[in-house]
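The values are calculated or read from the model by the stated rules, or taken from the named source; none is laboratory data. All figures in this text were calculated on a predicted structure; none of them were measured in a lab. Cβ placement follows ideal geometry from the backbone for every residue including glycine, while neighbour counts extend to all protein chains displayed. For the accessible areas, the whole protein counts, side chains as well, though only heavy atoms, and no ligand, DNA or RNA atoms are used. Shrake-Rupley method; radii C 1.70, N 1.55, O 1.52, S 1.80 Å.
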Amino acid sequence: MDKEKYFTEKLAEYQEYVVDIIKESPEDFGDLETRSVYLLGNHPLFLNPYEFKEGFYEAVQKREWQSVNDYLYQEVCYWLVPSDHGGSGYDHCFNFYPSVEAFACGAEHILENIYPYELGLTENGYDFYVAGSNLIIAKYYNDEEMLKQAMATADKFTKSRASKWERLAIQFLLDILNKDFEAANVDLLNVCKGYSRIQKAFQSIHDICIPAHGLYCIAKSWITKEEFTKIKMPVHKTFIQGYAQWRVDNPTLILKPYMVYPKEMDIYNKIYAMPIARTLLTQERFTERSKIRPVIDNRRMYKIFVDDLRNVLKAD
């Protein structure tokens, strides 16, 4: 990837959409911290990892697995920068895709922020996200009551009319919990096969099944070392076995973004170095007759994140 060309383009955009616009109308666009987080958080307007996905493929070709990991970690962080708009209308289940990708790149510590224990299980959102999030939450916090409820919800989901790929992904997690490793191997392979036929809403990398990598790493964290030897890597074009083996061999990783911006844009390096925003919920009624539902409080999270960034910059 030609990083010099990329930086030249992004510096020009940064000057136009951040520096100049703040000078012209600070009352409308705020200060540097406000504007920078706004642009990054209102996906996919600015600095989307999709723009430098060529670097991911180059790293795969050269078997530079740390760089592959850096890319995935940066993508996770990117999608979790809070925005000041209304949001998805979902509760913390909306974080399911980033949570699975976090396992893929060894960043599962972020679960404490995206799925705070005090928020409990998810309930409001896309059924796939709810089923997957609840299994991850229950296992991460080793809460038996949560797990019992999460497994019942997940089992119901696998028998639903949801898309086959989604049902297989949840079934794989149930297979692991039920110690049915033979079924798990079949289901994980079919996850890879099914993934190639769906529309990807979040991932920048569309022809590699990053979720399958996350599921594989989830299995490693949920079962014993001996049991994990029974889990086979999928032999499929959407699964990078070299990277998966590197992850197995390197359980403790240095987590850092793939793209480090030049000093003129160092505020974005600072943003990526910050802790992932802690999920906050609020209550919302979608129609006059509907029930009040928990939803992610994007605006409050955005304000806290901007304030934290200001403190970081002051400390420097």
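Can you name the condition, by its number, that residue 45 falls short on among (1) assigned to a helix (DSSP H, G or I); (2) hydrophobic (A, V, I, L, M, F, W, C); (3) open to solvent by 70 Å² or more (accessible area, probe 1.4 Å)?
Among (1) assigned to a helix (DSSP H, G or I); (2) hydrophobic (A, V, I, L, M, F, W, C); (3) open to solvent by 70 Å² or more (accessible area, probe 1.4 Å), residue 45 violates only (1).
Please go through (1) of a type outside the set (D, E, K, R); (2) in contact (Cβ under 8 Å) with a residue 40 or more places away in the chain; (3) more than 20 Å from residue 276 (Cα to Cα) for residue 22 and return the number of the only condition it doesn't satisfy.
Exception for residue 22: condition (2).
Residues are listed down the side, and each one gets a yes or a no for (1) aromatic (Phe, Trp, Tyr); (2) out of contact with any Cys (no Cβ under 9 Å at 6 or more places or on another chain); (3) closer than 18 Å to residue 277 by Cα; (4) open to solvent by 20 Å² or more (accessible area, probe 1.4 Å):
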site: 9; (1), (2), (3), (4): no, yes, no, yes
site: 28; (1), (2), (3), (4): no, yes, no, yes
site: 31; (1), (2), (3), (4): no, yes, no, yes
site: 36; (1), (2), (3), (4): no, yes, yes, no
site: 41; (1), (2), (3), (4): no, yes, yes, no
site: 83; (1), (2), (3), (4): no, yes, yes, no
site: 94; (1), (2), (3), (4): yes, yes, yes, yes
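Select from region 253-267 the residues that are open to solvent by 20 Å² or more (accessible area, probe 1.4 Å) and either outside any loop (DSSP other than H, G, I, E, B) or polar (S, T, N, Q) (or both) and list them in ascending order.
263, 264, 266
When you scan region 64-74, do you find a residue that is modelled with pLDDT of 95 or more, open to solvent by 10 Å² or more (accessible area, probe 1.4 Å) and of a type in the set (Val, Ile, Thr), even just one?
Taking every residue of region 64-74 in turn, none turns out to be modelled with pLDDT of 95 or more, open to solvent by 10 Å² or more (accessible area, probe 1.4 Å) and of a type in the set (Val, Ile, Thr).
Can you tell which of 295, 306 is among the aliphatic types (A, V, I, L, M) and outside any helix (DSSP H, G or I)?
295
What is the residue count in region 219-252 for residues that are surrounded by fewer than 16 Cβ atoms within 10 Å (Cβ to Cβ) and in a loop (DSSP other than H, G, I, E, B)?
9
Residue pairs, Cβ under 8 Å, 6 or more apart or interchain, first in region 142-163 and closer than 22 Å to residue 118 by Cβ, second assigned to a loop (DSSP other than H, G, I, E, B) and open to solvent by less than 40 Å² (accessible area, probe 1.4 Å). List them.
Pairs that qualify, where the first residue is closer than 22 Å to residue 118 by Cβ and the partner is assigned to a loop (DSSP other than H, G, I, E, B) and open to solvent by less than 40 Å² (accessible area, probe 1.4 Å), are 146/120; 146/121; 149/121; 150/121.
Being on the phi < 0 side of the Ramachandran plot, of a type outside the set (D, E, K, R) and at pLDDT 95 or above, is that true of even one residue in region 250-257? Spell out how you get there, then give the answer.
If we filter region 250-257 for residues that are on the phi < 0 side of the Ramachandran plot, which is where we start, we get 250-257.
Add one more test, that the residue is of a type outside the set (D, E, K, R), and what stays is 250-255, 257.
Pick out the ones that are also at pLDDT 95 or above and you get 255, 257.
Among the residues of region 250-257, at least one is on the phi < 0 side of the Ramachandran plot, of a type outside the set (D, E, K, R) and at pLDDT 95 or above, which makes the answer yes.
Sort out for me the helices (runs of 4 or more DSSP H) sitting completely within region 142-196 that have 3 or more residues that are touching a Cys at 6+ places or on another chain (Cβ under 9 Å).
Because the criterion is at least 3 residues that are touching a Cys at 6+ places or on another chain (Cβ under 9 Å), the helices (runs of 4 or more DSSP H) in region 142-196 that meet it are 181-195.
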